[in-house]
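Single-structure report; data block below.
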Amino acid sequence: MQAPLPHVADEPGMGRVEIFPIPTGEAALFDLVKHIFETYWATVFCGILIQGAAWEVKAPGPPRKVALFDGYVTVDFGAWHFHLCIGETEGIGATPTPPDLARYRRCARAELYRMLNPRDGAPNSWGLRLYNGGGEQQMTVFLPNPFLGDDGRPLRRPDWARLAAWDDLRRRCLGLGPDPLDRTGKGFVHA
């Protein structure tokens, strides 16, 4: 598999972000979401990261169910769940989804990303972002960070083993091995 070329963008409120586009086909996204939440549920946070809001939600346990229905993946943790439109959606019974609305709802852009420290260019945060057809963020998955513990608090020393999920997703989605650049940072920096 030939990985798409990453690009760097300056994003308001986030700083410099290196973006690695990934396929948005229903099967690929379903497998990816299922893999992340069945494998890394204990170490990831998920939510949205937009101007004025950062939701960093932690799963209470492994998902009870990860299922696909009418183009939506559902990840159900029992106490709470979420739905993401990642495929063709037609609606149900007497309430069909108009084609324009279906295109708007569906994930049109998916990317792995790493935030870069503005001082030295070293990565200091890693994740996955999904956007709908209107360019609105559907979800961010905040991957384990070598500078932060599972509770989100800073670690005394970087724990490079916490990049295992990032390395796994780079291999699965991009066909790339670990990048030595990921292990050059000195700490977590907020933009």
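The values are calculated or read from the model by the stated rules, or taken from the named source; none is laboratory data. This one's a predicted model, so the numbers in the text were calculated from it and none came from an experiment. When we count neighbours, we look across all protein chains shown, and the Cβ atoms used for this are built from the backbone with ideal geometry, even at glycine.
Name the single residue, out of those in the stretch 158-191 being among the basic types (Lys, Arg) and modelled with pLDDT of 95 or more, that is nearest to the chain's Cα centre (by Cα).
Once the filter is applied, the top-ranked residue is Arg170.
Do you know which of the residues in the stretch 94-121 that are part of a loop (DSSP other than H, G, I, E, B) and of a type in the set (Gly, Ala, Ser) is farthest from Gly133 (Cα to Cα)?
Gly121
Of these, Glu111, Glu90, Glu38, which one is out of contact with any Cys (no Cβ under 8 Å at 6 or more places or on another chain), under 18 Å from Ile19 (Cβ atoms) and acidic (Asp, Glu)?
None of the others qualify; the one that does is Glu111.
Give just the number: which of (1) assigned to a strand (DSSP E or B); (2) within 30 Å of Phe147 (Cα to Cα); (3) touching a residue at least 40 places away in the same chain (Cβ under 8 Å) does Val73 not satisfy?
That leaves (2) as the condition not met.
Take Arg156 and decide whether it is surrounded by fewer than 17 Cβ atoms within 10 Å (Cβ to Cβ), part of a loop (DSSP other than H, G, I, E, B) and without any contact (Cβ under 8 Å) to a residue 12 or more places away in the chain.
Criteria met by Arg156.
Can you pull out the residues in the stretch 116-135 that are more than 22 Å from Phe37 (Cα to Cα) and not polar (S, T, N, Q)?
Answer for the stretch 116-135, where residues must be more than 22 Å from Phe37 (Cα to Cα) and not polar (S, T, N, Q): Leu116, Pro118, Arg119, Asp120, Gly121, Ala122, Pro123, Gly133, Gly134, Gly135.
Under 6 Å between Cβ atoms, which residue pairs at least 6 apart in sequence (or on different chains) link something in the stretch 36-48 that is polar (S, T, N, Q) with a partner that is at pLDDT 95 or above?
Listed pairs, sorted by first residue: Thr43/Pro144.
Which residues, taken from the stretch 129-146, are crowded, with 19+ Cβ neighbours inside 10 Å and either more than 17 Å from the chain's Cα centre (by Cα) or not in a strand (DSSP E or B) (or both)?
If the condition is that a residue be crowded, with 19+ Cβ neighbours inside 10 Å and either more than 17 Å from the chain's Cα centre (by Cα) or not in a strand (DSSP E or B) (or both), then Leu143, Pro144, Asn145, Pro146 are the ones that fit.
When you scan the stretch 15-36, do you find a residue that is polar (S, T, N, Q), outside any loop (DSSP other than H, G, I, E, B), within 24 Å of Arg105 (Cβ to Cβ) and at pLDDT 95 or above, even just one?
No, the conditions are met nowhere in the stretch 15-36.
Can you find a residue in the stretch 77-93 that is in a strand (DSSP E or B) and over 17 Å from the mean Cα position of the chain (by Cα)?
yes
Determine if the stretch 182-189 includes at least one residue that is out of contact with any His (no Cβ under 6 Å at 6 or more places or on another chain), assigned to a loop (DSSP other than H, G, I, E, B) and of a type in the set (Val, Ile, Thr).
yes
Filter the stretch 88-128 down to the residues that are touching a residue at least 40 places away in the same chain (Cβ under 8 Å), surrounded by fewer than 19 Cβ atoms within 10 Å (Cβ to Cβ), basic (Lys, Arg) and closer than 27 Å to Trp55 by Cβ and list them by number.
Arg109
Say whether the condition of being at pLDDT 95 or above, polar (S, T, N, Q) and buried (at least 16 other Cβ atoms within 10 Å of the Cβ) is met by at least one residue in the stretch 69-79.
No, there is no match, as no residue in the stretch 69-79 is at pLDDT 95 or above, polar (S, T, N, Q) and buried (at least 16 other Cβ atoms within 10 Å of the Cβ).
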